[in-house]
Amino acid sequence: MKITSIAKLLAIFVAVASVSFVGIVIATVFGGPGWQDVMAQKEFRGYRIEKSSGPDAQWSAVRAQDEGNVATSKVLPDVLSKVMDDVIQSRQQRVQDLQARIPNLEQKIARIKDAIEKDDAALQKYIDQEMARLADVRKDEQEQAALVIAATNDAQKLENQIVNRREDVFRLQEQVAELRIDLFRLEAIRDELVHSLNQVQGNMELATERQKRLNYSPSGS
């Protein structure tokens, strides 16, 4: 609700209250309820009505807030009327005070509204930036996840290659062991052949020497 509307409502309330107070005073003057019942109304709770003693007794009304005297009269309705006037004046002053505050409050509301609009714009800008950053982070996360999957696949391929290479190494080691055995056997055969060759050569030398002796004939024999 706007402040101007509140001020109008306050003015209407004061007017209605004034009419109501007038009705209360009229009812009191013309045989209505007792003044104690009237003062029990919420509009008069801030006042204290007292009657002095003696032949010249008077009615007086005191404002409870500051102990200020509002009215003194021998006639109770006069006192109540003055109390009503004080209540109306107090409420009118309250309305005037509130109306005097309206321009400052309206300016404050305008400043707050402008600040809220700026804050909303800044907040929306921040939200947009964070949403964009979140989208970048999600994109980067997807790219990193793809890289991790690719690296995992490459690692698996390397591991498979290593396993295959190990199997090849085992096979080659077995082949080397077999070749060493074959080489050892060949060296043994070669040694036997060399030994046999030496024996054959020795036998041939002996046979040649024997043949020479057999073919030898001394001259003059």
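Laboratory data are not the source of any read-out in this text; all were calculated from the coordinates shown. What you are looking at is a predicted structure, and each value in this text was computed from that prediction instead of being measured. Heads up, the Cβs are rebuilt from the backbone with ideal geometry, glycines too, and the neighbour counts pull from every protein chain shown.
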| task | Starting from the range 105-120, take each residue that is in contact (Cβ under 8 Å) with a residue 24 or more places away in the chain and list its partners that are in a helix (DSSP H, G or I) and surrounded by 11 or more Cβ atoms within 10 Å (Cβ to Cβ), counting only C-beta distances under 8 angstrom and pairs at least six apart or across chains. | result | LEU105/ILE3; GLU106/ILE3; ILE109/ILE3
| query | Cβ-Cβ below 8 Å, separation at least six or inter-chain, first residue in the range 67-85 and without any contact (Cβ under 8 Å) to a residue 12 or more places away in the chain, second assigned to a strand (DSSP E or B) and not hydrophobic (A, V, I, L, M, F, W, C): which pairs? | reply | ASN69/SER60; ASN69/ARG63
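Could you count how many residues in the range 47-97 are in a helix (DSSP H, G or I) and among the charged types (D, E, K, R)?
Result for the range 47-97: 7.
Residues to consider are ASP154, ASP128, ASP120, ASP97; find the one that is exposed (fewer than 10 other Cβ atoms within 10 Å of the Cβ) and not β-branched (Val, Ile, Thr).
Step by step, each of ASP154, ASP128, ASP120, ASP97 is checked, and only ASP97 is exposed (fewer than 10 other Cβ atoms within 10 Å of the Cβ) and not β-branched (Val, Ile, Thr).
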